[in-house]
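The values are calculated or read from the model by the stated rules, or taken from the named source; none is laboratory data. Since we're looking at a predicted model, the values are computed, not measured. Here the Cβ positions follow ideal geometry from the backbone for every residue, glycine too, while neighbour counts run over all protein chains shown. For the accessible areas, the whole protein counts, side chains as well, though only heavy atoms, and no ligand, DNA or RNA atoms are used. Shrake-Rupley method; radii C 1.70, N 1.55, O 1.52, S 1.80 Å.
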Amino acid sequence: MSDSTLRGKVAVIGIGLSPVGKVPGRSPLWLAADAAKKALADAGLEKSDLDGVLSCHAFASPFHRFSVAFSEYFGIQPTFSNTLQVSGATAATMFNIGAAAIHGGLAKVVLAVASDSLMTGLTPDLALRSLTESRDQQYEMPFGIPVANTFAMTAHRHMKEFGTTAEQLAEVAVVQRRHAARTPGAQQTTPITVDDVLNSGWVTTPYHKLDCSLISDGGAAFILTSAEHARELGIAKPIYILGGGECYTHEHIFLMPSLTTTGAVTSSRMAYEMAGYGPKDMHVAGVYDCFTGTVIMMLEDLGFCPKGEGGRFVADGQMTYGGQIPSNTHGGLLSFAHSGMPGSLFHFHEVIAQLRGQCGERQVRGAELGLVHSLGAGFATNATTILGTENTL
Amino acid sequence: MTATDDARRKPLPTPDADSAALWRGLRDGVLLLQHCGDCRHVQYYQQGMCRQCGSENLSHRAASGRGRVHSFSVVHRAPGPAFKDDTPYAVLLVDLEEGPRMVSTYTGGKPEDVTFDMDVVLVCERIDDTTTLPRFRRA
Ligand SMILES: [Zn+2]
């Protein structure tokens with residue numbers, strides 16, 4: 001912990017969600033702008049108060065510079081902006097980079113916003129691109145490797161090395177579906193059992209359909225500013241960014257240093273060190289859950305349980321209410337919604353709402369410290385952010 | 001060409017300056033690995049310089065073709081129409097005898113026969129006049 005880091009210097013003062021799930025007839029730019037309006041209203045600010053915009057690419061949108069196109073659509077001319085691209089990890093990097101920009105004086109009030117329409121907005125051209133774009137054209141794509149397959153091979157090896165079972169993987173989906181049932185607007189709320197998961201049909205072994213995340217439309221937005229400015233504005237309950245870390249270990253799945261231990265070990269260690277807290281101090285977590293096995297590996301790499309014990313940890317009820325680290329209490333990508341790169345922003349929305357004490361019947365009591373971990377591209381990209389209330393500064 | 005036609009066609013590699021030798025070698029029936037003359041690092045993914053030490057003192061040598069399955073996944077839902085008729089097929093991560101790991105698919109047997117640590121050997125499978133893909137069968 002050092003005064004030179006951004007620890008506690010930047011706060012989230014506004015959050016907003018667009019409609020999520022199946023949202024036909026709305027473009028990614030509309031979804032982003034809708035979420036942004038709500039985040040501004042939540043913060044009590046006007047769009048003219050924004051001077052920074054961070055975003056990421058949307059598959060259903062033709063704009064390469066999505067953050068720039070967004071600003072035009074929203075009628076603003078920011079003096080700090082970027083369209084970030086590290087796949088699923090982009091969400092947490094938006095918080096880390098937004099905080100760094102504010103701490104470093106590049107911007108005063110940053111809007112972090114992203115959206116996509118994977119469910120209803122993809123033309124055949126764009127759908128094809130979204131299926132194949134992220135794998136190597138020479139070394140991976142000719143073999144017919146869906147992105148799901150790269151994650152599947154890591155989970156499969158985890159089963160082989162540590163005895164993780166198909167039932168333990170399925171339990172992740174069961175727990176998160178239970179969480180989603182208490183989240184207004186969640187895409188999938190019908191209760192499921194371990195048998196339902198195991199009987200839902202293969203996608204790519206060891207993953208069945210219900211081991212895989214959803215495909216959705218939707219967006220989310222956040223307003224970040226300095227702790228000092230949050231006080232000037234009289235924000236009721238700012239949520240502070242306490243630590244951030246990232247790690248990029250490979251591009252190709254065959255060059256991943258280990259299939260069962262990921263860059264999340266490093267990114268989370270950096271975030272914990274900056275925050276001055278450890279995994280045992282966290283009250284609530286948003287753990288990237290593109291697939292069930294991803295959650296099990298991340299619970300280990302984020303330090304919530306020892307390597308190899310993630311399956312038992314989940315089966316013992318440690319990732320839900322009453323357990324060690326209630327995770328994905330909104331239902332996650334598996335049951336709440338998964339609109340591509342913005343998907344992990346829903347985890348941020350949930351963890352911030354939990355820390356504000358706004359989660360009603362799914363509130364984790366006494367939640368003051370939370371972690372969100374975003375990742376992507378077959379564990380190539382990892383980013384962690386730690387958030388806390390005023391009491392944790 | 002419409003998007004639908006495009007989607008039915010399997011993606012084939014377009015060699016670049018770094019990889020031309022690899023694809024030429026496969027056409028001749030060998031899998032060329034890059035050996036670093038300075039640090040002894042061996043790489044499958046072809047680069048203009050050694051990934052470990054940065055040296056450009058690299059030479060191509062044919063791999064023995066022997067390897068072992070480190071992990072695998074049997075694809076039941078294809079990534080697009082081009083691979084639909086092939087399902088189920090097994091994607092393999094193969095550890096080559098020389099050290100590097102590569103991704104490929106299983107050939108010459110049923111995908112459900114693939115197991116962890118299974119010994120496999122290279123099969124150079126001709127796709128057309130320009131492309132030969134490296135696949136693996138049980139040893
Ligand atoms: Zn070298």
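Scan the range B:36-46 for residues that are in a loop (DSSP other than H, G, I, E, B), more than 7 Å from the ligand (Cβ to nearest atom) and closer than 20 Å to B:Leu93 by Cα and the total you get is 3. Taking the stated definitions as given, is A:Arg177 within 14 Å of chain B (Cβ to nearest Cβ) and open to solvent by less than 70 Å² (accessible area, probe 1.4 Å)? The answer is no for A:Arg177. Open to solvent by 70 Å² or more (accessible area, probe 1.4 Å) and either at pLDDT below 95 or within 12 Å of chain A (Cβ to nearest Cβ) (or both): does that describe B:Asp95? When the stated conditions are applied, B:Asp95 does not pass them. Within this structure, A:Thr90 fails the test of being surrounded by fewer than 24 Cβ atoms within 10 Å (Cβ to Cβ), away from chain B (no Cβ under 14 Å) and among the β-branched types (Val, Ile, Thr). Mind checking whether some residue in the range B:11-27 is assigned to a helix (DSSP H, G or I), more than 16 Å from the ligand (Cβ to nearest atom) and acidic (Asp, Glu)? Within the range B:11-27 (the criterion being assigned to a helix (DSSP H, G or I), more than 16 Å from the ligand (Cβ to nearest atom) and acidic (Asp, Glu)), the answer is no, since none of the residues qualifies. Taken over the range A:248-283, the criterion of being assigned to a loop (DSSP other than H, G, I, E, B) and free of Cβ contacts under 8 Å to residues at least 60 places away in the same chain is satisfied by A:Pro257, A:Ser258, A:Thr261, A:Gly278.
The single condition among (1) within 14 Å of chain B (Cβ to nearest Cβ); (2) open to solvent by 50 Å² or more (accessible area, probe 1.4 Å) that A:Glu140 does not meet is (2). Taking the criterion of being more than 18 Å from A:Lys209 (Cα to Cα) and at pLDDT below 95, the only residue of the range A:144-165 that qualifies is A:Gly144. Residues in the range A:182-218 that are on the phi > 0 side of the Ramachandran plot and away from chain B (no Cβ under 14 Å): A:Gly185, A:Gly218. For the range B:53-64, the count of residues that are more than 8 Å from the ligand (Cβ to nearest atom) and within 13 Å of chain A (Cβ to nearest Cβ) is zero. Checked against (1) closer than 30 Å to A:Lys160 by Cα; (2) hydrophobic (A, V, I, L, M, F, W, C); (3) touching a Leu at 6+ places or on another chain (Cβ under 6 Å); (4) more than 8 Å from chain A (Cβ to nearest Cβ), B:Leu33 passes all but condition (3).
Applying the set (1) within 20 Å of the chain's Cα centre (by Cα); (2) facing another protein chain (nearest Cβ under 8 Å); (3) open to solvent by 10 Å² or more (accessible area, probe 1.4 Å) to A:His156 leaves exactly one unmet item: (1).
Identify all residues within the range B:65-86 that are over 14 Å from A:Gly144 (Cβ atoms) and either open to solvent by 40 Å² or more (accessible area, probe 1.4 Å) or within 16 Å of the ligand (Cβ to nearest atom) (or both); write none if there are none. If the condition is that a residue be over 14 Å from A:Gly144 (Cβ atoms) and either open to solvent by 40 Å² or more (accessible area, probe 1.4 Å) or within 16 Å of the ligand (Cβ to nearest atom) (or both), then B:Arg66, B:Arg68 are the ones that fit.
Would you check if A:Ser87 is of a type outside the set (Lys, Arg) and more than 30 Å from A:Glu309 (Cβ to Cβ)? Answer is no for this residue.
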